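Novice: The structure is given below, and queries will be raised subsequently.
No value in this document is a laboratory result; all are computed from the given coordinates. If you're wondering where the values come from, they're calculated on a predicted model, not measured in any experiment. Positions of Cβ are backbone-derived with ideal geometry, glycine not excepted, and every protein chain shown enters the neighbour counts.
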């Protein structure tokens with residue numbers, strides 16, 4: 001295939017994915033149709049099906065692009081920081097910023113994607129695991145270097161952190177408020193560091 005033709009096909013594919021993203025966040029996954037997406041992309045339904053098998057495949061592509069960007073960005077940012085606390089701050093800030101920058105896509109994921117019948121075992125679930133595993137690896141690194149208590153279960157920390165952030169962010173998004181990323185990052189990291197260092201409760 002000539003290079004120009006291949007580039008044109010890739011550009012069209014990307015434009016369809018962008019159109020799907022905009023339609024999904026505007027209408028929701030269930031209400032959106034292939035025709036809606038095709039019209040937003042400026043193509044026919046038939047041409048869209050030459051690139052994608054349908055609405056479900058497009059949703060997976062939209063989420064894969066999102067996760068790939070956030071995973072690579074988070075891993076790089078954490079790797080550039082020298083201390084455990086700074087690495088944790090970068091992770092927390094990045095996760096909060098994702099909600100602040102793209103609340104509609106995050107709302108779609110929380111309210112619709114995770115409730116789909118085939119979410120368990122899906123590519124999207126695996127991408128979510130890869131992303132949250134960044135924190136598990138960070139906790140293990142902190143324990144190996146004696147920065148935090150060795151007896152803590154990294155999976156428990158993961159559930160507290162991501163579950164807590166999701167709850168906080170959803171509350172702000174649902175009420176139409178802007179997420180104060182800097183303030184929440186400082187509060188969350190301060191709370192976590194106090195617990196991660198260990199010690200008996202009074």
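Novice: Need the full-extension length gain, residue 153 to residue 56, defined as separation in residues times 0.36 nm minus the C-alpha distance. One decimal, nm. Don't jump to the answer; show the numbers that get you there.
Specialist: Details: separation 97, 0.36 × 97 = 34.92 nm, distance 3.54 nm.
Gain in length upon complete extension: 31.4 nm.
Novice: At a 10 angstrom cut-off on C-beta neighbours, averaged per residue, how do the peptides 17-26, 94-103 rank from highest to lowest? Each step should come with its number before you reach the end.
Specialist: Values: 17-26: 20.3, 94-103: 18.7.
Descending mean neighbour count gives 17-26, 94-103.
Novice: To the nearest 0.05, what FRET efficiency results for residue 6 and residue 119 with a Förster distance of 22 Å applied to their C-beta separation? Intermediate results must be reported in sequence, preceding the final value.
Specialist: Values: r = 33 Å, r/R0 = 1.51.
So, using R0 = 22 Å, E works out to roughly 0.10.
Novice: Using only helices, what value at 222 nm comes out for the chain when you add -39,500 (n - 2.57) per DSSP H run of length 4 or more and divide by the total residues, to the nearest 500 deg cm²/dmol?
Specialist: Calculated mean residue ellipticity at 222 nm is -25000 deg cm²/dmol.
Novice: Rounded, prolate or oblate: pick one for segment 63-183, where a ≥ b ≥ c are the square roots of the eigenvalues of its C-alpha gyration tensor, a/c under 1.5 means rounded, and failing that, prolate if a/b is larger than b/c, else oblate.
Specialist: prolate
Novice: Estimate the FRET efficiency between residue 190 and residue 31 by the formula 1/(1 + (r/R0)^6), using the beta-carbon distance for r and 45 Å for R0, to the nearest 0.05. Before the final figure, lay out the partial values.
Specialist: Values: r = 41 Å, r/R0 = 0.92.
The calculated FRET efficiency here is 0.65.
Novice: Can you tell me which of 30, 181, 92 moves the most in a GNM of the chain? Springs connect C-alpha atoms under 10 Å apart.
Specialist: Ranking 30, 181, 92 by mean-square fluctuation puts 30 first.
Novice: Still on this model: Which of these values of Kirkwood radius over Cα pairs in Å was calculated from the structure shown: [x] 17.0; [y] 18.9; [z] 18.3?
Specialist: Structure-derived value, by its label: [y].
Novice: Quick one: angle between helix 123-144 and the longest Cα principal axis of the chain, in degrees between 0 and 90, rounded to 10, please.
Specialist: 20
Novice: Okay, moving on. Take the alpha-carbon centre of segment 88-131, take the same for segment 155-186, and report the distance between them in whole Å.
Specialist: Cα centres, segment 88-131 to segment 155-186: 12 Å.
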